[in-house]
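Okay, so here's the structure we're looking at.
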Amino acid sequence: MFKHAAAIGADIGRYSIRIAVVRIDGEIIGAKTYPLEAVQSRDYLIEKLTEAIKVTRQAAALQGINPICVGMAAVGFIDHRFGIVLGPDHGIKDWNNVHLAQIVNRETGLPSYLGNDANLMTIAEHQFGAAKDYNNVVFVALRTGIGGGIIIGGKLYRGVNNAGGEIGQMIINYDKGISDTGIKGSFEYFASATAVVRRFRELSKKGDGKAASVSCREIFELSYSNDPVAVRVISENAEMIGVGLANLITIFAPEIIVLGGGMADADNNYLEMIRKSAFANSLENCRAEVKIERAHLGSNAAILGAAYYSLSRLAGKPL
């Protein structure tokens, strides 16, 4: 029934919606990104999403493709069974307790499903990317914050209330560092892209203009040019990420850890520093067979995962 099926996959980000038609074998058709205004509301975001779905569906029809369902990826806590955005609102007015799957179903007439973006990226990497053919997987999204997902025995681990896999909130330094979630010493606080920028500013000389507006990507570029502050910051960051991964290795003993997000695109030296730290700080038996690799799917991971998840739900085989 689903051999040649296609779905619409949508990745709802804070500043853009990325959307495409995806065949069940992972082929992406007509991917497009729609920018969003900085100040948003529930109604605005739903209007932009449904319009993007409409345009995508029309473009697919011109190619003789009829998507049979919609899958959506969103940040935050999600009730995946009923397709509800629980929160937090991430600065979007009224973006709490939003029955998004029901709304999109009503507006489009298509069965619609919703999942947490990091979980759906995990599913995508497991089905089509770096973790394909592995049964025990940890996915870590290294970006402004740190998200993740866990696959045990080939199935996504959700935990109670669908809240499992919040890797970024793992505590790695209890002495300091209170995050915006109120958690002291979290992995996210010390190892995310936000942490890289904060640390660079701390170490830069006062009055240094570049430190005031520098981005994480620019700090990586500076490190490639042997800027001493940037080199130190990136080295410290790789060590800290490795410590976080070491905890995951010792707890889960996975076959593979997949690193996604923008930071995972850094050079091979950065990845090697992370591996060195992770292996040095984990138990020998737990790390014996684990691989630490970059994600393969990049910005397409969430739309791939969302579309595949929706087809699986429609087929009665939820992941």
³J(HN,Hα) across segment 56-62 via Karplus (A = 6.51, B = -1.76, C = 1.60, θ = phi - 60°), whole Hz, x for Gly/Pro?
5, 5, 5, 5, 5, 4, 5
Dipole magnitude of the chain about its Cα centre, charges +1 at Lys/Arg Cβ and -1 at Asp/Glu Cβ only, in debye to the nearest 20?
340
Simple spin-label estimate for residue 89 and residue 41 in nanometres, 7 Å along Cα-Cβ:
1.1
Can you pull the three principal axis extents for the Cα set of segment 1-146, in Å, largest first?
40, 39, 27
Counting as exposed only trypsin sites (Lys or Arg not before Pro) in DSSP loop states with no more than 14 other Cβ atoms inside 10 Å, the longest exposed-site-free span of the chain is 207-319
Just how large is the dipole of segment 212-258 about the Cα centre, in debye to the nearest 20, putting +1 at every Lys and Arg Cβ and -1 at every Asp and Glu Cβ?
60
Is segment 132-295 rounded, prolate or oblate when judged by the Cα gyration tensor, a ≥ b ≥ c being the square roots of its eigenvalues, rounded requiring a/c under 1.5 and prolate requiring a/b larger than b/c?
prolate
Is there a quick way to get the dipole size of segment 53-165? I mean about its Cα centre, with the Cβ of Lys and Arg at +1 and of Asp and Glu at -1; what is the value in debye to the nearest 20?
140
Which of the chymotrypsin sites (Phe, Trp or Tyr not before Pro) across segment 33-91 are loop residues per DSSP, with 15 or fewer other Cβ within 10 Å?
82
Taking a crude spin-label model, label points 7 Å out from Cα along the C-beta direction, the residue 82 to residue 59 distance in nm is 3.4
Can you give the net charge of the other residues whose Cβ lies under 9 Å from the Cβ of residue 230, counting K and R as +1 and D and E as -1?
-2
Want the number for residue 218 to residue 4: 0.36 nm per residue separation, take away the alpha-carbon distance, what's left?
72.7 nm
Where does helix 228-252 land angle-wise versus the long Cα axis of the chain, in degrees 0 to 90, nearest 10?
60
Sum up the charges of everything whose Cβ sits under 13 Å from the Cβ of residue 319, counting Lys and Arg as +1 and Asp and Glu as -1, but leave residue 319 out.
+4
May I ask you to list the GluC sites (Glu not before Pro) in segment 1-107 that are in a DSSP loop and have at most 12 other Cβ atoms within 10 Å of their Cβ?
27, 37
Distance in Å, no decimals, from the C-alpha centre of segment 209-241 to the one of segment 80-119 is 37
Projected label distance in nm at residue 315 and residue 291, using a 7 Å step from Cα toward the beta-carbon:
2.4
Hey, with R₀ at 30 Å, roughly what FRET efficiency would residue 25 and residue 152 work out to, going by the Cβ-Cβ distance, to 0.05?
0.75
Beyond 21 Å, what share of the Cα-Cα pairs of segment 206-319 remains, rounded to the nearest whole percent?
52
Which one, 58, 259, 26, projects farthest toward the positive side of the charge dipole computed for the chain from Cβ point charges (K/R +1, D/E -1)?
58
With everything on Cα atoms, drop me the angle between helix 193-203 and the longest principal axis of the chain, reported from 0 to 90° to the nearest 10.
30
Could you calculate, for the chain, the ratio of the Cα radius of gyration to the Kirkwood radius, expressed as Rg to Rh?
0.98
So what's the net charge close to residue 299: Lys and Arg +1, Asp and Glu -1, counting the other residues with Cβ under 10 Å from its Cβ?
0
Pairing the Cα long axis of helix 117-128 with the longest principal axis of the chain, what angle in degrees results, from 0 to 90 and rounded to the nearest 10?
80
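Laboratory data are not the source of any read-out in this text; all were calculated from the coordinates shown. In this text the structure is predicted, and so the values were computed from the model without any measurement. Glycine also receives a Cβ, built like all others from the backbone with ideal geometry; neighbour counts cover every protein chain displayed.
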